[in-house]
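Peer 1: First, the structure itself, so that you have it in front of you.
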Amino acid sequence: MRFHIMTLFPDMVTNGLSESITGRAIESGLIEVSATDIRDFADNKYRHVDDYTYGGGAGMLMQPGPVVDCYESICDGIKERGGKDKPRVLYMTPAGTPFTQSMAEEFAKEEDLVILCGHYEGIDERALELIVTDNVSIGDFVLTGGELPAMMIVDAVSRLIPGVLGCDESAVYESFYDGLLEYPQYTRPKEYRGMEVPEVLLSGHHANIEKWRHEQALLRTRERRPDLYEAYMKDHTKQ
Ligand code: ADE
């Protein structure tokens, strides 16, 4: 799978993803991450890509020209490699749809994923209208730019690609498996600062362990994410 990031800070994205599991996935060729500098498409020698907002208001806005030109250049590259004419383009914005695991699963089906990172006060609406297929937020807070959100998307999607995680199973048995939060887990030592590992986990009785884990997942979800708990109960108590 190939990720194409449109950004004013290409090094931030490529450096951040070059470590750990995404770094290994890049090295082994399971994913490709290319970050294109939108400034390379500026129409002036100062490489400025922003300007004042029509109608007034604080801050600068990214102009449509460099953004659309950058996108078209990425599309040319995708087409040359046999990809879609119109790839999926995610615009990272706090005004988007909140990112979820099921969206990560959807995005993981794509061969090419273009991710547009905003900066300043945002991007001229005409550029967005022309190229964006999905507006995506990573939460109800405002960051200084879309680079960290883009890295999060690449991370969440990459780990769903077969071979990226050491063991395929671990992509399934984690938080949000079946809509519940993950149950608590323990490793050695058996006792730490007076705190014991729950007895059932030492019993070797697999059915009891599964039952305990499911109960713990339910308890934890009810306490921390009542919204998920309610949805789960609705789903699992239907006649
Ligand atoms: N850019 C700035 N804040 C953001 C957020 N919360 N989600 C996605 N992109 C953003």
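Peer 1: Would you check which residues across the range 88-136 are of a type in the set (D, E) and not in a strand (DSSP E or B) and list them?
Peer 2: Restricting attention to the range 88-136, the residues satisfying the condition of being of a type in the set (D, E) are 105-106, 110-112, 121, 124-125, 129, 134.
E105, E106, E110, E111, E121, D124, E125, E129 - these are the residues of the range 88-136 that are of a type in the set (D, E) and not in a strand (DSSP E or B).
Peer 1: Just checking, how many residues over the range 115-151 are away from the ligand (no atom under 15 Å from the Cβ), open to solvent by less than 70 Å² (accessible area, probe 1.4 Å) and of a type in the set (A, V, I, L, M)?
Peer 2: Going through the range 115-151 one residue at a time, the tally reaches 2.
Peer 1: A follow-up question, please. Just need a number here: residues in the range 185-214 that are of a type outside the set (S, T, Y) and either within 18 Å of T100 (Cβ to Cβ) or without any contact (Cβ under 8 Å) to a residue 12 or more places away in the chain (or both). Even if it seems obvious, please write down each step before you answer.
Peer 2: Let us first name the residues in the range 185-214 that are of a type outside the set (S, T, Y), namely 185, 188-191, 193-202, 204-214.
With either within 18 Å of T100 (Cβ to Cβ) or without any contact (Cβ under 8 Å) to a residue 12 or more places away in the chain (or both) added as a condition, the list becomes 185, 188-189, 191, 193-197, 199, 204-211.
Going through the range 185-214 one residue at a time, the tally reaches 18.
Peer 1: Something else now. Consider E111 carefully, then state whether it is touching a residue at least 24 places away in the same chain (Cβ under 8 Å), open to solvent by 90 Å² or more (accessible area, probe 1.4 Å), more than 11 Å from the ligand (Cβ to nearest atom) and within 14 Å of the chain's Cα centre (by Cα). Steps first, answer last, please.
Peer 2: Details: touching a residue at least 24 places away in the same chain (Cβ under 8 Å): yes; open to solvent by 90 Å² or more (accessible area, probe 1.4 Å): yes; more than 11 Å from the ligand (Cβ to nearest atom): yes; within 14 Å of the chain's Cα centre (by Cα): no.
Answer is no for this residue.
Peer 1: Filtering the range 84-102 down to residues that are over 13 Å from the mean Cα position of the chain (by Cα) and loosely packed, with under 14 Cβ neighbours inside 10 Å, which residue is nearest to the ligand (Cβ to nearest atom)?
Peer 2: Top of the filtered list is A95.
Peer 1: Being small (G, A, S) and assigned to a helix (DSSP H, G or I): is that true of G23 here?
Peer 2: Numbers: small (G, A, S): yes; assigned to a helix (DSSP H, G or I): yes.
In short, yes.
Peer 1: Could you list, in sequence order, all residues of the range 2-20 that are touching a residue at least 12 places away in the same chain (Cβ under 8 Å), open to solvent by 30 Å² or more (accessible area, probe 1.4 Å) and outside any helix (DSSP H, G or I)?
Peer 2: Selection gives R2, F9.
Peer 1: I'd like to check something: does the range 191-204 contain any residue that is in contact with a helix residue (DSSP H, G or I) (Cβ under 9 Å, 6 or more places away or on another chain), assigned to a helix (DSSP H, G or I) and open to solvent by less than 90 Å² (accessible area, probe 1.4 Å)?
Peer 2: yes
Peer 1: Let me ask something else about it. Here is a check on your reading of the model: is C75 out of contact with any Cys (no Cβ under 6 Å at 6 or more places or on another chain), touching a residue at least 60 places away in the same chain (Cβ under 8 Å) and open to solvent by less than 60 Å² (accessible area, probe 1.4 Å)?
Peer 2: Working: out of contact with any Cys (no Cβ under 6 Å at 6 or more places or on another chain): yes; touching a residue at least 60 places away in the same chain (Cβ under 8 Å): no; open to solvent by less than 60 Å² (accessible area, probe 1.4 Å): yes.
So C75 does not fit the description; no.
Peer 1: Residue check: is E105 among the charged types (D, E, K, R), open to solvent by 70 Å² or more (accessible area, probe 1.4 Å) and at pLDDT below 95?
Peer 2: Numbers: among the charged types (D, E, K, R): yes; open to solvent by 70 Å² or more (accessible area, probe 1.4 Å): yes; at pLDDT below 95: no.
Answer is no for this residue.
The values are calculated or read from the model by the stated rules, or taken from the named source; none is laboratory data. Note that this is a predicted model, so its numbers are computed, not measured. Using ideal geometry, Cβ is built from the backbone for each residue, glycine included, and neighbour counts are taken over all protein chains shown. Areas reflect the complete protein model, heavy atoms only, side chains present, ligands, DNA and RNA absent. Shrake-Rupley method; radii C 1.70, N 1.55, O 1.52, S 1.80 Å.
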